[in-house]
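The structure appears below as structure tokens.
The values are calculated or read from the model by the stated rules, or taken from the named source; none is laboratory data. This one's a predicted model, so the numbers in the text were calculated from it and none came from an experiment. Here the Cβ is made from the backbone with ideal geometry for all residues, glycine too, and neighbour counts use every protein chain on show. Heads up: the accessible areas ignore ligands, DNA and RNA and are worked out on the full protein's heavy atoms, side chains in. Shrake-Rupley method; radii C 1.70, N 1.55, O 1.52, S 1.80 Å.
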Amino acid sequence: MLPRNFTEEQTMFRDAYRKFLASEIVPHMERWREAGIVDREAFLRAGEQGFLMVWPDEKYGGMGDEDFRFEQVIIEETAYARVGDWYATLHSRLVGPYFTRFGSEEQCERFLPKCVRGECILAVAMTEPDAGSDLAGMRSTAREDGDHWVLNGSKTYISNGINADAVIVAAKTDPDNNPHHMTLFIVERGMEGFERGRNLKKMGMKAQDTAELFFNDVRVPRANVLGEPGKGFIYLMEGLAEERLIGACGYLAAAQLSWDLTYDYVRERKAFGKPLAAFQNTQFRLAELRTELDIAQSYVDQCVAAFNAGQLTAVDAAKAKLVTSELQVKAADIGVQLHGGAGYMDEYAISRQYTDARIATIYAGSSEVMKIIISRDCLSDDYKPFNTRNF
């Protein structure tokens, strides 16, 4: 595989984070999966050791280094340790930056230090029962009332929905005239009218609490409006490229783990007197998969470099999300097949890799939505061919 570009500091960070996972997270995962939720202590322990939020300025308690490769290390090592359903990156890198990008200094000072320490857990609420990728179909609304906004509606499939202390909620604020006129609100635990539904049972990612949220005349103070009223749709669109890059790093790391698990198994397991790895079918399938993984890794690493340079486009992020999410499912599927009956047993890690993988092609924009984004670009009148020809 081509060499990867991490600094010496990031390599040391990787080693330290790997040790943290082994001592503080891995031993508790089975209990958390049975409970359907990660203990809040996990966020506190990560915060104490500087592994929860790296990018915020030192005045907020972070390292002040926005290099995405630190988060890439966290995402990869979390997947390799088989604790992907402790989805701390949702809190730290997907939701957290909303405060510095769109919020006020007062909001940053009020929330970020607690978030860095793991005392305030974050979530973002966009999806509704009748509106997923189509944000224009959102039904949640908010209206002004003196010094407050009154929020009504419901959200579903919200990751960190039970644990969250602060939820960034999107709602329409001029529903009669403009379906894209949305505002983002910071709804805090304990606000009257803010209720949580059940912790939803899922096919995979068992320890990741995923909940329904209900907002019944929740009075949100103006101080908790994130950014400018009416610009929420624009803010959400701005964050999608990074969200899909985060996803791509995680999907690919999980796919790499499925390959490793299968590699170990086929070299040890014997059939007809020889290892499974000695059969041409096994060799060809894993050779093909190994090639796809390495090519995808090179592309994702390039996307990370582009993001750090402020050059990652929504289309390039969609390509990364599409190919890596599909590859995560493929790698787990091949792994289960080559494990045979053992692959269907929960005691084998590849079984959980398979059930956890299935959500990858759905959330953060389904594969079908990614194809729409990519096709609109490559079939547009403004598209520039990869190669120009003079014949």
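Is one or more of the residues making up segment 129-139 under 27 Å from residue 12 (Cβ atoms) and open to solvent by 10 Å² or more (accessible area, probe 1.4 Å)? First the steps, then the outcome.
Taking segment 129-139 first, the residues under 27 Å from residue 12 (Cβ atoms) are none.
No, that holds for no residue.
Of all strands (runs of 3 or more DSSP E) completely enclosed by segment 159-268, which ones contain at least 3 residues that are among the hydrophobic types (A, V, I, L, M, F, W, C)? Please lay out each step first, then the result.
Working: elements: 166-172, 182-188, 194-199, 210-221.
Qualifying strands (runs of 3 or more DSSP E): 166-172, 182-188, 210-221.
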Taking only pairs six or more apart or across chains, which ones have beta-carbon atoms under 6 Å, a first residue in segment 2-31 that is more than 15 Å from residue 67 (Cα to Cα) and free of Cβ contacts under 8 Å to residues at least 60 places away in the same chain, and a second residue that is in a helix (DSSP H, G or I) and open to solvent by less than 100 Å² (accessible area, probe 1.4 Å)? 24/45
The condition of being open to solvent by less than 60 Å² (accessible area, probe 1.4 Å) and either in contact with an Asp or Glu (Cβ under 8 Å, 6 or more places away or on another chain) or closer than 22 Å to residue 375 by Cα (or both) holds, among 287, 317, 271, 278, only for 317
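Can you find, within segment 357-371, the residue that is farthest from residue 333 (Cα to Cα) among those that are in contact with a helix residue (DSSP H, G or I) (Cβ under 6 Å, 6 or more places away or on another chain) and either open to solvent by 40 Å² or more (accessible area, probe 1.4 Å) or among the polar types (S, T, N, Q) (or both)?
First, pick out the residues of segment 357-371 that are in contact with a helix residue (DSSP H, G or I) (Cβ under 6 Å, 6 or more places away or on another chain): 357, 360-361, 364, 367, 370.
Applying the additional criterion that residues be either open to solvent by 40 Å² or more (accessible area, probe 1.4 Å) or among the polar types (S, T, N, Q) (or both) yields 361, 367.
Working: 361: 14, 367: 17 Å.
Filtering first and then ranking leaves 367.
Report whether or not residue 124 is under 21 Å from residue 209 (Cα atoms), touching a residue at least 40 places away in the same chain (Cβ under 8 Å), open to solvent by 10 Å² or more (accessible area, probe 1.4 Å) and of a type outside the set (Ser, Thr, Tyr). Steps first, please.
Values: under 21 Å from residue 209 (Cα atoms): yes; touching a residue at least 40 places away in the same chain (Cβ under 8 Å): yes; open to solvent by 10 Å² or more (accessible area, probe 1.4 Å): yes; of a type outside the set (Ser, Thr, Tyr): yes.
For residue 124, the condition - under 21 Å from residue 209 (Cα atoms), touching a residue at least 40 places away in the same chain (Cβ under 8 Å), open to solvent by 10 Å² or more (accessible area, probe 1.4 Å) and of a type outside the set (Ser, Thr, Tyr) - is met.
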Determine which single condition residue 173 fails, assuming it passes every other condition in (1) open to solvent by 20 Å² or more (accessible area, probe 1.4 Å); (2) among the polar types (S, T, N, Q); (3) touching a helix residue (DSSP H, G or I) at 6+ places or on another chain (Cβ under 7 Å); (4) free of Cβ contacts under 8 Å to residues at least 60 places away in the same chain. (3)
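Every residue in segment 222-234 that is closer than 21 Å to residue 164 by Cα and either crowded, with 16+ Cβ neighbours inside 10 Å or modelled with pLDDT under 95 (or both), please. Quick ask: steps written out before the conclusion?
Applying the first criterion (closer than 21 Å to residue 164 by Cα) to segment 222-234 yields 222-227, 232.
Across segment 222-234, the qualifying residues are 224, 225, 226, 227, 232.
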May I ask you to list the residues in segment 333-354 that are without any contact (Cβ under 8 Å) to a residue 60 or more places away in the chain, farther than 17 Å from residue 286 by Cβ and part of a helix (DSSP H, G or I)? 341, 344, 351
Scanning segment 29-44 residue by residue, the ones that are more than 17 Å from the chain's Cα centre (by Cα) and either open to solvent by 30 Å² or more (accessible area, probe 1.4 Å) or β-branched (Val, Ile, Thr) (or both) total 9
How many residues are in contact with a helix residue (DSSP H, G or I) (Cβ under 7 Å, 6 or more places away or on another chain), open to solvent by 80 Å² or more (accessible area, probe 1.4 Å) and assigned to a helix (DSSP H, G or I) if we restrict to segment 372-391? 0
Can you give me the number of residues within segment 253-268 that are surrounded by fewer than 20 Cβ atoms within 10 Å (Cβ to Cβ) and among the hydroxyl-bearing types (Ser, Thr, Tyr)? 1
Residues of segment 93-121 being closer than 21 Å to residue 237 by Cα, open to solvent by less than 10 Å² (accessible area, probe 1.4 Å) and aliphatic (A, V, I, L, M), which ones? 95
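Conditions tested, residue by residue: (1) modelled with pLDDT under 95; (2) under 19 Å from residue 99 (Cβ atoms); (3) buried (at least 19 other Cβ atoms within 10 Å of the Cβ).
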position	(1), (2), (3)
186	no, yes, yes
197	no, no, no
213	no, no, yes
220	no, yes, yes
241	yes, yes, yes
Within segment 294-315, tally of residues that are without any contact (Cβ under 8 Å) to a residue 40 or more places away in the chain and in a helix (DSSP H, G or I): 4
In segment 45-92, which residues are surrounded by fewer than 20 Cβ atoms within 10 Å (Cβ to Cβ) and either among the β-branched types (Val, Ile, Thr) or not in a helix (DSSP H, G or I) (or both)? 49, 50, 57, 61, 63, 64, 65, 66, 67, 81, 82
